[in-house]
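Below is one structure, written out as structure tokens; the observations come after it.
The values are calculated or read from the model by the stated rules, or taken from the named source; none is laboratory data. The structure presented is a predicted model; accordingly, all values stated were derived computationally and were not measured. Every residue, glycine among them, receives a Cβ derived from its backbone with ideal geometry; neighbour counts consider all protein chains shown.
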Amino acid sequence: MTPVSQAVNHAVEIRDLHKSFGKLQVLKGIDFAVDPGQVVCVIGPSGSGKSTLLRCVNLLEEPTSGRVVVNGVELTHRDVDIDAARRGVGMVFQQFNLFPHMTALQNVMIAQRRVLKRDKAEAERIARENLEKVGIAEKCDSYPAQLSGGQQQRVAIARALAMSPALMLFDEPTSALDPELVGDVLTVMRKLAEEGMTMLVVTHEMAFARDVADRVVFMDGGVIVEDGTPEQVIGAPRNERTQTFLRRVLDPTHTDV
Amino acid sequence: MTDQPKTAGPAPDGVTPLRSGLSPRKRQQISRAVQYVVLAAVVVFLALTIEWGKLGENFTKGEVAAETLPALFTIALKNTIIYSVGGFVFAFLFGLLFALMRMSSVRPYRWIAVTYIEIFRGLPAVLIFLFILFLPLALPGFEVPGGTYGQGILGLAVVGSAYMAETLRAGLQAVPKGQMEAARSLGMSHTRSMVSIVIPQAIRIVIPPTTNQFVALLKDSSLVLFLGVSGEYVELTKFGNDMASTFANATPILVVGVTYLLVTIPLGYLASRLEKRQARGR
């Protein structure tokens, strides 16, 4: 029996989420929701808990307390089938985490075959479609070590998309990339956003957040400090912490005081 | 004492190196010359003192060497390989099992694995073979399946699996955590992620050390000697020993030694090749 929440109208709904690692409190009560089709960018200084928040959305981190409801399924329910729930949520990691012993094509096929039990021909067709979508159809038979960081990350995106997720999580997807490769990955993400994919993106790319996001969330010290449109949060931040952070990010050589 | 005393006056232009007595280059030459002299002295001494005729007669007697054939290969080497490969296969399977148990979230499994590994890594291999030899006394009516082969393979598997467990655990832990996370985020179960993603990578990582372990196991297969095997079950060492007694001549021991090296040296070479290839990849 899969526990179904009443609030099926949200893609993600988080209520009073707390997460501690030992004595260290990383998330101190997060309330927030993402609607279907929305692109939400989470920004904030390192250590603010934004990656932990993202990882709680597919339960890679187990929340200490609080409720996480994704696609109408309460993940924090004791009897939830977490493997089934994760199928609907794609995740893209900072370090790509491609499977190094498999080609790009096999990377995109393995979960389709093993989890969704698609037959080989169908899995391969879907894999090729998605690799084409992210612009690396010609690299199907390359191993991850033979690909650039930008290409690896795009394979990782294809791998997640092949599972037909209703929601995509991006955990600093461009932070490990050489600067000249960032654009390729952001272009793919922008395309996804335009196609109406629900996306939750932890990022330091302010230009991407400003141009693509429907909403920007600023986190600091384990709480959400500001939540609004990019114009509000990046363009005219009201909170002092947001202002300080943005000043540092947008003008790194600037020193306060 | 080898410190260079500083010259009294500073060099006026600061170019002349501070040096007195021998230059480092000179000292190196002298040191090397001394080493060559020592080596030559030892060689001359051995050449004069050893009775080469007798040594040759005892270790490299052609007729005796010829007597070892073809049984050397058709029986002895064949059995050494059967014992080692059989022992290795079981050592690998049980090693993997103990490695997984050692990393299990079920605490008693961890205890069992740790106890097993600590005990059988700490015991001399000979002792384990003696245990197996006396097993029927302790357990009347019990017989190791597979007879003599079974006993030899069991002994090697017990010794090997303890080492293999530690090697495989290291390999499993060397697979980055992100691999498991990526697999889980795609909806794979923990078991499925282990089987499809983590274990294949761990095995790749442990291939070089495992090859070395196979060589160690191959050498340990000589301990089958202690099981009192005979006839068609003898492996290389026992075979060499028996032949040496029969002819009252040490040649078979040398022949057997060379036969071991025919297998172990290429394997050792293979292991270091694999290690280098792995260092380049990734």
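If you go through segment B:30-65 and pick out every residue that is part of a helix (DSSP H, G or I) and closer than 30 Å to residue B:244 by Cβ, you end up with 19. Would you check if there is a residue in segment B:63-76 being farther than 29 Å from residue B:153 by Cα and of a type in the set (Phe, Trp, Tyr)? Looking for residues that are farther than 29 Å from residue B:153 by Cα and of a type in the set (Phe, Trp, Tyr), one finds none in segment B:63-76, hence no.
Residues checked against (1) within 21 Å of residue B:97 (Cα to Cα); (2) more than 14 Å from chain A (Cβ to nearest Cβ); (3) modelled with pLDDT of 90 or more; (4) out of contact with any strand residue (DSSP E or B) (no Cβ under 9 Å at 6 or more places or on another chain):
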{"position": "B:171", "(1), (2), (3), (4)": "yes, no, yes, yes"}
{"position": "B:191", "(1), (2), (3), (4)": "yes, no, yes, yes"}
{"position": "B:203", "(1), (2), (3), (4)": "yes, no, no, yes"}
{"position": "B:208", "(1), (2), (3), (4)": "yes, yes, no, yes"}
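Does segment A:69-90 include one or more residues that are within 30 Å of residue A:245 (Cα to Cα) and polar (S, T, N, Q)? Looking through segment A:69-90, none of the residues is within 30 Å of residue A:245 (Cα to Cα) and polar (S, T, N, Q).
Quick one: is residue A:108 in a helix (DSSP H, G or I) and either within 17 Å of the chain's Cα centre (by Cα) or within 12 Å of another protein chain (Cβ to nearest Cβ) (or both)?
Numbers: in a helix (DSSP H, G or I): yes; either within 17 Å of the chain's Cα centre (by Cα) or within 12 Å of another protein chain (Cβ to nearest Cβ) (or both): yes.
Against the criterion (in a helix (DSSP H, G or I) and either within 17 Å of the chain's Cα centre (by Cα) or within 12 Å of another protein chain (Cβ to nearest Cβ) (or both)), residue A:108 qualifies.
Of the set (1) among the charged types (D, E, K, R); (2) at pLDDT below 95; (3) more than 26 Å from residue B:198 (Cβ to Cβ), all apply to residue A:128 but (2).
May I ask you to say which residue of A:86, A:159 is within 11 Å of chain B (Cβ to nearest Cβ), buried (at least 20 other Cβ atoms within 10 Å of the Cβ) and at pLDDT below 95? Just one listed residue meets the conditions, A:86. Checking each residue in segment B:66-99 for being among the hydrophobic types (A, V, I, L, M, F, W, C) and not in a helix (DSSP H, G or I) picks out only B:69.
Filtering segment B:13-57 to residues that are modelled with pLDDT under 90 and either polar (S, T, N, Q) or in contact with a strand residue (DSSP E or B) (Cβ under 7 Å, 6 or more places away or on another chain) (or both) leaves B:16, B:20, B:23, B:49.
Name the residue, out of A:210, A:154, A:248, that is assigned to a helix (DSSP H, G or I) and touching a Leu at 6+ places or on another chain (Cβ under 9 Å).
None of the other options fit; the residue is A:154.
Please pick out the residue among A:231, A:195, A:180 that is under 20 Å from residue A:90 (Cα atoms), surrounded by fewer than 18 Cβ atoms within 10 Å (Cβ to Cβ), over 15 Å from the mean Cα position of the chain (by Cα) and not β-branched (Val, Ile, Thr).
On inspection, the qualifying residue turns out to be A:195.
Looking only at segment A:105-122, which residues are among the polar types (S, T, N, Q) and touching a residue at least 40 places away in the same chain (Cβ under 8 Å)? It would help to see each step written out before you state the result.
Within segment A:105-122, the first condition is being among the polar types (S, T, N, Q), and the residues that meet it are A:106-107, A:112.
Across segment A:105-122, the qualifying residues are A:107, A:112.
Taking segment B:173-189 as the range and being polar (S, T, N, Q) and over 20 Å from residue B:99 (Cα atoms) as the test, only B:185 passes.
The condition of being under 16 Å from the mean Cα position of the chain (by Cα), at pLDDT 95 or above and under 18 Å from residue B:184 (Cα atoms) does not hold for residue A:70.
Checking every residue in segment A:176-191 against the condition of being in contact (Cβ under 8 Å) with a residue 60 or more places away in the chain and within 26 Å of residue A:31 (Cβ to Cβ) gives zero matches. Answer yes or no as to whether residue A:189 is in a strand (DSSP E or B), within 30 Å of residue A:9 (Cα to Cα) and within 15 Å of the chain's Cα centre (by Cα). No; evaluated as a whole, the condition is false for this residue. Filtered by the rule that a residue be touching an Asp or Glu at 6+ places or on another chain (Cβ under 7 Å), surrounded by fewer than 20 Cβ atoms within 10 Å (Cβ to Cβ) and under 18 Å from residue A:242 (Cβ atoms), segment A:33-67 gives a lone residue, A:45.
Within the set A:76, A:64, A:52, A:103, the sole residue that is among the β-branched types (Val, Ile, Thr), more than 27 Å from residue A:37 (Cα to Cα) and either under 21 Å from the mean Cα position of the chain (by Cα) or more than 14 Å from chain B (Cβ to nearest Cβ) (or both) turns out to be A:64. Criterion applied to B:269, B:260 was being away from chain A (no Cβ under 12 Å) and free of Cβ contacts under 8 Å to residues at least 40 places away in the same chain, and the one residue passing it is B:269.
For segment A:82-103, enumerate the residues that are small (Gly, Ala, Ser) and not in a loop (DSSP other than H, G, I, E, B). It would help to see each step written out before you state the result.
As a first pass, look at segment A:82-103 and keep what is small (Gly, Ala, Ser): A:84-85, A:88, A:90.
Selection gives A:84, A:85, A:90.
Where helices (runs of 4 or more DSSP H) fall entirely within segment B:156-267, those with at least 1 residues that are under 17 Å from the mean Cα position of the chain (by Cα) and within 18 Å of residue B:79 (Cβ to Cβ) are at B:199-220, B:236-247.
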